[in-house]
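As structure tokens, the structure follows; a few thoughts come after it.
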Amino acid sequence: MKIDEVPQQADDIYEGETKVVYAVGQDGKLATASTQGWEAEIEALKDAVDEIEQQAREAWQRARNGETSPLEYHMLHQRLDVPMLAQAMGKFQWQIRRHFKPNVFNRLSDKRLQQYAKVMGLSVETLKRLPDTLEPGEPQP
Amino acid sequence: MPDLSQFQHQQAAHCETGAAAGLFRAHGLDLSEAMVFGLASGLTYAYLPFVKINGLPLMAYRMPPRMILKMLSWRIKGLKIRFKTFKNEADGQAFLDQKLAEGELVGCQTSVFFLPYFPKEMRFHFNAHNLLVFGKETVDGESQYHISDPVFSHTVTTDAASLNEARFAKGALAPNGRLYYFESVPESIDYDTLIPKAIRFTGKANGKRNITPISGVGGMKLVAKRIEKLEKDSKRYRQLFLGHIVRMQEEIGTGGAGFRYMYAAFLQEAAEKLQRPELHEWADAFVAIGDEWREFALLCARISKGRGNHTLKEAADFLRRIADQEQVLYNQMAKFK
């Protein structure tokens, strides 16, 4: 790639940050060049974010209907999935899934809730309740 | 001891090589990021179907995290890198503070998710990000750490709570507060023996002499086969998988193409240092291969979006062609004396 071919497709998702790539300069030498973004990459990133937000929305709806616990919604909202959360908690995946059952979740000890809150970067109060409205949200923190 | 009064932040293409280059710079050894990458034999390819990220298999275009720093400390005589992990946040923060007070430049392994200065859409649970901490000050009773994050164009500051959370994130590749600093640094580096050794290693690790089927050229061919099999998967999974290839390649670290370009930059520098013209030729070949990888990413993106009449077979064959080109180079490199 030549330096003047380095893509500069700026997008809001990068919030004005730039990245560095190596490209061939006029003299045939490779040097670093700044890039604002590349279309293929931006689209792939947006798709990945959309996918997980879609899953979070579905979980929110199911939690509303009492079919799952707020835990599943918060997990997805914090961009985690079951294997990742299981690993972070030091539990089996089936144990995490079991905690998605509202009646099991409601009986969880404070200690366990504390542990969930810690690995997800939330407060226990936030973890325990489902937000009233579903805002296209920013994961905390 | 590094001379931090002269320390200049420099943006890098990749966090680990950038952090290493920053540490060298602070200790008065001018090693470029590309030279760090090459000397550590960082270039590779790996397909790890059993490591899942959001349900999709991991594909890596460089050696596993920390390997670059480890390789450097093994290879460079007189370079000693001290790694340290901690059982709890308090100890981890106390040690970091102590080292900063001594005037040390400290590298930290962190999660990306908890770093407030990252753009929101780029915050994922990736636990092997590297950054350099070069100072601490108290503003209105709150501790602020000064950070030189290699992938940002400017230095940043972060509050203590966020940095602790990022350093002690849980899950895959959990950093456990891991930090590192250079304990001793040689005055110069013996490029004449190191460079050929590093090039041979990269050739052997990726070419026909590599016996593991999931890494190097073999790994690429496995992924090609997997792409062909996507025909049987659901449309949604197919799209996610192809998008994932693009993201693994371009977004995480500096991308498949990016690492090939960076390696080419290393080969150019090496050619100057050793006065070996064939290294210039290999550098050009890696630039061409980097271009092919970009073309491949574009093809995956098009198929995923259903633009044009491209088939999965086409993408798989494209990847096999890249693998064959790399194979030729690796086999030559394995014999470099």
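Based on what the data block shows, is residue B:92 at pLDDT below 95, more than 14 Å from chain A (Cβ to nearest Cβ) and either out of contact with any Phe, Trp or Tyr (no Cβ under 9 Å at 6 or more places or on another chain) or open to solvent by less than 50 Å² (accessible area, probe 1.4 Å) (or both)? Spelling it out, it is not the case that residue B:92 is at pLDDT below 95, more than 14 Å from chain A (Cβ to nearest Cβ) and either out of contact with any Phe, Trp or Tyr (no Cβ under 9 Å at 6 or more places or on another chain) or open to solvent by less than 50 Å² (accessible area, probe 1.4 Å) (or both). Just one residue in the set B:167, B:123 is within 14 Å of chain A (Cβ to nearest Cβ), open to solvent by less than 30 Å² (accessible area, probe 1.4 Å) and more than 21 Å from residue B:85 (Cβ to Cβ); that residue is B:123. For residue A:80, the test of being touching a helix residue (DSSP H, G or I) at 6+ places or on another chain (Cβ under 9 Å) and outside any loop (DSSP other than H, G, I, E, B) is failed.
Taking segment B:170-208 as the range and being of a type outside the set (A, V, I, L, M) and within 14 Å of chain A (Cβ to nearest Cβ) as the test, the residues that pass are B:170, B:171, B:175, B:176.
Among the residues of segment A:96-112, those that are of a type outside the set (D, E, K, R), surrounded by 13 or more Cβ atoms within 10 Å (Cβ to Cβ) and assigned to a helix (DSSP H, G or I) comprise A:96, A:102, A:104, A:105. Total residues in segment B:145-157 satisfying the condition of being away from every other protein chain (no Cβ under 11 Å) and in contact with a Phe, Trp or Tyr (Cβ under 7 Å, 6 or more places away or on another chain): the figure is 3. Would you say residue B:307 is assigned to a loop (DSSP other than H, G, I, E, B), surrounded by fewer than 23 Cβ atoms within 10 Å (Cβ to Cβ) and in the same structural domain as residue B:197 (by TED's automatic domain parsing)? When the stated conditions are applied, residue B:307 passes them. For beta carbons closer than 7 Å, sequence separation of 6+ or different chains, a first residue in segment B:62-73 that is within 14 Å of residue B:173 (Cβ to Cβ) and assigned to a loop (DSSP other than H, G, I, E, B) and a second that is open to solvent by less than 10 Å² (accessible area, probe 1.4 Å) and hydrophobic (A, V, I, L, M, F, W, C), the qualifying pairs are B:65/B:128.
So that you can scan it fast, the table gives a plain yes or no per residue for (1) touching a residue at least 40 places away in the same chain (Cβ under 8 Å); (2) aliphatic (A, V, I, L, M); (3) assigned by TED's automatic domain parsing to the domain that holds residue A:72; (4) farther than 21 Å from residue A:67 by Cβ:
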{"site": "A:88", "(1), (2), (3), (4)": "no, yes, yes, yes"}
{"site": "A:91", "(1), (2), (3), (4)": "no, no, yes, yes"}
{"site": "A:94", "(1), (2), (3), (4)": "no, no, yes, no"}
{"site": "A:97", "(1), (2), (3), (4)": "no, no, yes, no"}
{"site": "A:101", "(1), (2), (3), (4)": "no, no, yes, no"}
{"site": "A:108", "(1), (2), (3), (4)": "no, yes, yes, no"}
{"site": "A:111", "(1), (2), (3), (4)": "no, no, yes, yes"}
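Tallying residues that are charged (D, E, K, R) and within 13 Å of another protein chain (Cβ to nearest Cβ) within segment B:51-89 yields 2.
The values are calculated or read from the model by the stated rules, or taken from the named source; none is laboratory data. Everything quoted here is computed from the prediction, not taken from an experiment. Because the Cβ atoms are built from the backbone with ideal geometry, glycine has one as well, and the counts that use them run over all protein chains shown. Calculation scope for accessible area: heavy atoms of the full protein, side chains included, ligands and nucleic acids excluded. Shrake-Rupley method; radii C 1.70, N 1.55, O 1.52, S 1.80 Å.
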